[in-house]
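S.K.: Before I ask anything, here is the structure I am working with.
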Amino acid sequence: MSMNTSKISLPTLLRTVFFCCLASACGGGDEVEGPDETASSFVLPAMIDVAVPTEPVSHLETVEDLTEEVADWLLDLSAELRRRDFDAASAWFRHDFAGHSFAGLEVESETELELSTLRSQFDISAPEVVGGVSFLDGLREHIGPWASLESVIWKTKGAEFQSGRDRWGKIKVWMRYIGTRSDGGRVSLTGWAYLRVRKERASWGVDRFELTSLSRDERDGPVFTNVATAVGVAHQGPPFGSPENASYAWNGSAAADVDGDGLWDVFHPSDGRNFLYLANESGTFTEEAEERGLIGPDKGTGAVFFDFDNDGDQDLFVAHEGWTAEDGSVMGETSKLYLNDGTGVFELVTDEIGLGVPLVGYSVTAFDYDMDGWLDIFVCGYGRLESEHNNSWIDATNGAPNGLFRNINGERFEEVAAAAGVRGTSWTYASAAADYDLDGDLDLYVGNDYGLNRFYQNEGDGSFKDVAEELGLLDRGNGMGVSWGDLNNDGLLDVYVANMSSTAGNRILDRLKDEVDEEIFEQLKKTAAGNTIFLRSEAGFEALPVEAGGVNASWAWNPVLCDFDLDGRKDIFVTNGFVTGELAHDT
């Protein structure tokens, strides 16, 4: 494929790659005309083989516009299938449709997965070729009997379009259906396929469907059940981007036993007010932020419970967005410390203990970096997009400085980030501390948005040295979360980094592979590749290949490593952002 990219600047390309992640995308052969399958003259082809366009559209913006158009159109189909409105779904299929049927497929193999899950792989070597009505009937055979259908997605993973007046394309699509069986068991159906889509009179339609794989996962009951409403912690914030929520309504959380009753309580900073959910013995929670002195200031970001003064109870540190105006005045809010009186009632103390330093804080880590017995606080300094955008998509250097607050005998803080060597100029979003080299002091991994992460090795004298490149921990991407844990049970700590995986970004970059510098191409591919797992090795750390799994989480945020199924191995839970509504393309 040839492509003229001389007029596409690198910043424009990067912006396209990143923000195409907000709108999924996806998308051949000889045309076969014929009437509806109900007509006696309709003849189905003997086989389905969706061919690649012979003269593909090569102009980047044109092919991406077409891909996004088809992708959104297929997500609308997903919505109709989720409602199991097969009559409405039939509008997506041409009158001369022919495709592989879901019906009558034999199970080729069965595999026992974790958590008593059975995976059935279907034999798709010789599926029946059917018309549109029978195709939907075959799908109904699988998902029709389910008691509920929670999620359906036909996600476009690749697309090529034929040039000329007769517009058609070959679409690679990933399909997943998730629901509950009539007996309460959980079930999902997952498959890959190629579609041929054709545009007539400004309307797309599928006329060929080539199934390439299909599997079903089943277990007797759910692994997790959402009980937020039942236990009293459910709260519906305003939609992102609405006038009531110009920023983020939920900015993190922290958990600890704040009142000494042996139960874990939860704090959420938010817009308008904060929330403190106190746990009850019944398993429910009671919201008491106002009664406990934690209702404000609002708009806090990162939060952490820790024992600031070593008196045996949990105090609370909350980061905020603060900055210095041109006239020298401090704007926004500085970080806050709430002291626990031992009963779960808090007193706000800030400026008088050295927290009057303006930082654009986004998350925080509590650790005793100087090993003096008092817990210190590292604040990740991000940046204020409303005043200045990042100056690069792959190596931004105009972020807000980080903060390192040294705890002086539980009486006050001293900000020492510059002296300790961790101040930085990146857009730092997340951090996590651990003694990776078992030398008795705590080291700090820092995840940066728009660029390379840092790994600060504790020198044992109150300072840090960045050894990320030396140890193989240079992770380029959109660092949103970091967690330490032994993922391969070798007794050494590994690192899990949450980034961003983008179907659209990868698709665009693959089209440009032969048109851009190889080094830049590899850098850009990493920014859209998803999360990274670093395993500890003799030389430092080695990144696991993507094929090992556990890294595809779309717009990933904070990860948690935990043995959820109690089998002696760490599992990975990753939160996901920018899914704001019930429909798959409502992002």
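S.K.: Determine whether GLY440 is open to solvent by 40 Å² or more (accessible area, probe 1.4 Å), more than 28 Å from SER329 (Cα to Cα) and not charged (D, E, K, R).
M.R.: yes
S.K.: Sticking with this structure for a sec: Go through the stretch 164-178 and give me each residue that's more than 15 Å from PHE209 (Cβ to Cβ) and at pLDDT 95 or above.
M.R.: Residues satisfying the conditions are ARG176, TYR177, ILE178.
S.K.: Any residue at all in the stretch 445-467 that's at pLDDT below 95 and β-branched (Val, Ile, Thr)?
M.R.: no
S.K.: Also, I was wondering about something else. Any idea which of (1) among the aliphatic types (A, V, I, L, M); (2) open to solvent by 10 Å² or more (accessible area, probe 1.4 Å); (3) within 30 Å of GLY262 (Cβ to Cβ) is the one ALA400 doesn't satisfy?
M.R.: All conditions are met except number (3).
S.K.: While we're here: Test of understanding: among LEU561, LEU473, LEU492, which residue is over 25 Å from the mean Cα position of the chain (by Cα) and under 30 Å from GLY373 (Cβ atoms)?
M.R.: Selected residue: LEU492, the only one of LEU561, LEU473, LEU492 that is over 25 Å from the mean Cα position of the chain (by Cα) and under 30 Å from GLY373 (Cβ atoms).
S.K.: From the list GLY344, GLY328, pick out the single residue that is on the phi > 0 side of the Ramachandran plot and at pLDDT 95 or above.
M.R.: Answer to the selection: GLY344.
S.K.: Now for a separate question. Going by the structure shown, is VAL497 among the β-branched types (Val, Ile, Thr), out of contact with any Leu (no Cβ under 6 Å at 6 or more places or on another chain) and in a strand (DSSP E or B)?
M.R.: yes
S.K.: To continue, here is another question. If I filter the stretch 557-567 for residues that are at pLDDT 90 or above, buried (at least 22 other Cβ atoms within 10 Å of the Cβ) and touching a strand residue (DSSP E or B) at 6+ places or on another chain (Cβ under 8 Å), do I get at least one hit?
M.R.: Checked against the condition, which is being at pLDDT 90 or above, buried (at least 22 other Cβ atoms within 10 Å of the Cβ) and touching a strand residue (DSSP E or B) at 6+ places or on another chain (Cβ under 8 Å), the stretch 557-567 yields at least one hit.
S.K.: Follow-up question, since we're still on this one. Looking at ARG216, ARG167, can you tell me which residue is over 28 Å from GLU61 (Cβ atoms) and of a type outside the set (Ser, Thr, Tyr)?
M.R.: Result of the check over ARG216, ARG167: ARG216.
S.K.: Right, another one. Please state which one of ASN506, ASN552 is modelled with pLDDT under 90, farther than 17 Å from ALA433 by Cα and open to solvent by 70 Å² or more (accessible area, probe 1.4 Å).
M.R.: Unique residue meeting the criteria: ASN552.
S.K.: Of (1) crowded, with 21+ Cβ neighbours inside 10 Å; (2) part of a strand (DSSP E or B), TRP484 satisfies all except one. Which?
M.R.: Exception for TRP484: condition (1).
S.K.: Turning to a different aspect of this structure: From the set of residues in the stretch 365-391 that are surrounded by 16 or more Cβ atoms within 10 Å (Cβ to Cβ) and of a type in the set (Ser, Thr, Tyr), which is nearest to VAL318 (Cα to Cα)?
M.R.: The extreme case among them is THR365.
S.K.: Would you confirm whether any residue within the stretch 119-128 is closer than 22 Å to ARG186 by Cα, touching a strand residue (DSSP E or B) at 6+ places or on another chain (Cβ under 7 Å), modelled with pLDDT of 95 or more and crowded, with 19+ Cβ neighbours inside 10 Å?
M.R.: yes
S.K.: Looking at this structure, is VAL266 part of a strand (DSSP E or B) and of a type outside the set (Asp, Glu)?
M.R.: Yes: the conditions hold for VAL266.
S.K.: Can you pull out the residues in the stretch 128-146 that are over 15 Å from ARG94 (Cα atoms), assigned to a helix (DSSP H, G or I) and not small (Gly, Ala, Ser)?
M.R.: If the condition is that a residue be over 15 Å from ARG94 (Cα atoms), assigned to a helix (DSSP H, G or I) and not small (Gly, Ala, Ser), then ASP137, LEU139, ARG140, GLU141, HIS142, ILE143 are the ones that fit.
S.K.: Right, here's the next one. Enumerate the pairs (first residue in the stretch 510-534 and over 30 Å from ASP490 (Cα atoms) and open to solvent by less than 40 Å² (accessible area, probe 1.4 Å); second residue anywhere and in a helix (DSSP H, G or I) and acidic (Asp, Glu)) with beta-carbon separation below 9 Å, excluding pairs fewer than 6 apart on the same chain, so at least 6 apart or on different chains.
M.R.: Sorted first by the residue in the stretch 510-534, then by its partner, the pairs are ARG511/GLU64.
S.K.: While we're here: So which of TYR362, TYR338 ends up being surrounded by 14 or more Cβ atoms within 10 Å (Cβ to Cβ), among the aromatic types (Phe, Trp, Tyr) and farther than 30 Å from TYR436 by Cβ?
M.R.: Of the residues listed, the single one that is surrounded by 14 or more Cβ atoms within 10 Å (Cβ to Cβ), among the aromatic types (Phe, Trp, Tyr) and farther than 30 Å from TYR436 by Cβ is TYR338.
S.K.: With touching an Asp or Glu at 6+ places or on another chain (Cβ under 8 Å) and outside any strand (DSSP E or B) as the only criterion, which of ASN407, ASN390 stands out?
M.R.: Result: ASN390 is the single residue among ASN407, ASN390 that is touching an Asp or Glu at 6+ places or on another chain (Cβ under 8 Å) and outside any strand (DSSP E or B).
The values are calculated or read from the model by the stated rules, or taken from the named source; none is laboratory data. What you are looking at is a predicted structure, and each value in this text was computed from that prediction instead of being measured. Virtual Cβ from ideal backbone geometry, glycine too; neighbours counted across all protein chains shown. These area figures cover heavy atoms from the full protein model, side chains too; ligands, DNA and RNA do not enter into them. Shrake-Rupley method; radii C 1.70, N 1.55, O 1.52, S 1.80 Å.
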